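> Below: one structure in structure tokens.
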Amino acid sequence: MDTSVSANTKTLKVALLGAGNVGSQVARILLTDASALAARTGARLELVGIAVRNVDAPREVEIPRELFTTDASALIRKADIVIELMGGLEPARTLILEAIEHGATVVTGNKALLAVDGPTLYEKADAAGVQLSYEAAVAGAIPILRPITDSLAGDKITRVMGIVNGTTNFILDAMDSTGAEFADALAEATRLGYAEADPTADVEGHDAAAKGAILASLAFHTRFALEDVHCEGITGVSAGDIAAAKEAGYVIKLLAIAEKISVPTGGQNNDDGGTFTTGVSVRVHPTLIPREHPLGAVRGAYNAVFVEAESAGELMFYGRGAGGSPTASAVMGDVVSAARRLVLGGPGRSDSTIEVLPVLGIDAVKTRYYIGMDAADQPGVLSKISALFAENGVSIETMRQTVHRERDASENGSAASAELRIVTHRASEAALAATVEAINGLDIINSVTSVLRVEGV
Ligand code: NAP
């Protein structure tokens, strides 16, 4: 006997917008796990309709045809909970605003919309006293937003570092394990369905930046927009960079990093013992991390978020970053949480934005760097380069040299070039930029082949 649903059990009407990869799996869970969901929430979750473009399109799961409609607005007006899984900016934005106006709780996985218009939506939801949840928008199945906003609410987060884009992790991992160049690894990712036909948002880091802005906003109780995120993609990462990183014990990952830092109020290079400004740096860039770091072990298209908090210390959240079923799990977590609140009553819980910390640009960040360069193989090269680093206040941790005798050999057969790879101690962006500029001006340098940041040491 099903004891979870009695005659007195409240019914909550659920409207689903979209029945694609994720929406169809959410419909499956709502239709097949109804009693378990009722037991967990204390309410019957009744799927009242599913808005799609084409009601006759084939679906991945069996869903009664009468649930489908093309009239999303009419569906929203019937609902207590609206789940938006259409994707894209419009009509998703208008429909979410309609749901908020109607007083419905909203659950979405639409990272693209939140990146562009999140602040407007959060404010409208706050003003209307309704809950807007979006666990699925960051790192697919991984429960990361609720741990940050609820479980760690009594702690102080100092840093969040995430592999939050499966496509780029797949590409970098393939380059690391096979020695392939970026273009070949991207072609393989496309062939296997890990990369979209237009991979720009992934490989240029825009998708990771959207998620970085969300993670930073929740971790540091301040609203950050997409334009606050310093963003560099992985298109410039070469097989040579990957091989050099590997040889030095590192792996290259595209990381979204959000951290609270204090800088001298007059700027990073004005460390005169005066006042300090505390702010948040949010950045996405290819990063060398030690192979033994927990993020170094994240393979293929998996995602992971590494959180550092004052009392909890280091935490790592790992799992599938995409896929219909995994993402539906995150959506349903938000739905169950919303249903429980609706059963108990009380206003929607909005994200805390009590701190209003300033955004600190990449210039405020001090980190370690990896620099690869192609130099003439002449006596005194290493000492000239070391002297330039010292003059610019950047201290070298390790320097490796590989001589290429076969390349550019002169007539008498002597070697002509040497590959140098340097890892520095922590330095400011400005000091590093000045060092690289000075190195580029040396006649013994053929080219600076890469400059990458190093984290997790
Ligand atoms: P999808 O497979 O493209 O499905 C989109 C659904 O929305 C389809 O059912 C489509 O209807 C419907 N739809 C689109 N435009 C519509 C319109 N103008 N009017 C009515 N219906 C419309 O998308 P998805 O992969 O499920 O992703 C959904 C959302 O979840 C996106 O915001 C995405 O970023 C997010 N997300 C996805 C994943 C993932 O792994 N897929 C992971 C994390 C987050 P038809 O079926 O009739 O065409």
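Only the coordinates and a few stated rules stand behind these numbers; no lab work does. Nothing here was measured: the structure is a model prediction, and the numbers come from that model. Neighbour counts run over all protein chains shown; Cβ positions are idealised from the backbone, glycine included.
> Under 25 °C and 0.890 mPa s, how fast does segment 187-297 diffuse according to Stokes-Einstein, given a Kirkwood radius computed over C-alpha pairs? Answer in µm²/s, whole number. Numbers along the way, then the final one.
Numbers: Rh = 16.0 Å.
The diffusion coefficient I find is 153 µm²/s.
> Could I ask something else about it? So what is the relative contact order for segment 155-288, in percent, with contacts set as C-alpha pairs under 8 Å and at least six apart? List each step's numbers first, then the result.
Details: 228 pairs, mean separation 40.7, N = 134.
Relative contact order here is 30 percent.
> Now for a different question. Each label point is 7 Å from the Cα along the Cα-to-Cβ direction; what then is the distance between the points at Ser352 and Ala74, in nm?
About 4.5 nm separates the two model spin labels.
> Follow-up question, since we're still on this one. Along segment 153-164, what does the Karplus equation 6.51 cos²θ - 1.76 cosθ + 1.60 (θ = phi - 60°) give for ³J(HN,Hα), rounded to whole Hz, x for Gly and Pro?
Ordered by residue, 3J(HN,Hα) equals 5, x, 10, 10, 7, 10, 7, 10, 10, x, 8, 10 Hz.
> Let me ask something else about it. Among Asp71, Asp351, which comes first, then next, by fewest other beta-carbon atoms within 10 Å? Numbers along the way, then the final one.
Values: Asp71 10, Asp351 19.
Final ranking by Cβ density, sparse to dense: Asp71, Asp351.
> What percent of all Cα-Cα pairs in segment 94-193 falls in each 10 Å bin, counting up from 0?
13, 30, 28, 19, 9, 1
> Turning to a different aspect of this structure: Under 29 Å from the Cα of Lys10, which lysines turn up, not counting those fewer than eight places away in the same chain?
Lys78, Lys124
> According to a simple spin-label model (label point 7 Å from Cα along Cα-to-Cβ), what is the distance in nm between Glu397 and Ala248?
Modelled inter-label distance: 0.9 nm.
> If you don't mind, there's one more thing I want to ask. Note down the nm distance, to one decimal, between modelled labels 7 Å out along Cα→Cβ at Glu66 and at Val451.
6.6 nm
> Same structure again: Please tell me the relative contact order of the chain in percent, rounded to the nearest whole number, where contacts are Cα pairs under 8 Å and at least six residues apart.
On the way: 990 pairs, mean separation 72.3, N = 457.
Rounded, it is 16 percent for the chain.
> If you don't mind, there's one more thing I want to ask. Could you tell me whether segment 1-140 comes out rounded, prolate or oblate from its Cα gyration tensor? Rule is a ≥ b ≥ c as square roots of the eigenvalues, rounded for a/c under 1.5, then prolate if a/b exceeds b/c, otherwise oblate. It would help to have the intermediate numbers written out before the result.
Working: a/c = 1.72, a/b = 1.27, b/c = 1.35.
It comes out oblate by the Cα gyration axes.
> Which lysines does Lys366 reach when only Cα atoms under 30 Å apart count, and residues fewer than 8 places away in its own chain are ignored?
Lys111, Lys156, Lys211, Lys246, Lys253, Lys260, Lys384
> Provide Rg and Dmax in Å for the chain, with only Cα atoms included in the calculation.
25.5, 95
> Per-residue HN-Hα couplings for segment 46-60, Karplus 6.51 cos²θ - 1.76 cosθ + 1.60 at θ = phi - 60°, whole Hz, x for Gly and Pro?
Once rounded to whole Hz, the list reads 9, 6, 8, x, 9, 8, 9, 7, 10, 5, 9, 5, x, 10, 6.
> Right, another one. Report, in deg cm²/dmol and to the nearest 500, the calculated mean residue ellipticity at 222 nm for the chain, where each DSSP H run with n ≥ 4 adds -39500 (n - 2.57) and the sum is divided by the residue count. Spell out each step's value before the answer.
Working: 13 runs with 148 residues, N = 457.
Computed ellipticity for the chain at 222 nm equals -10000 deg cm²/dmol.
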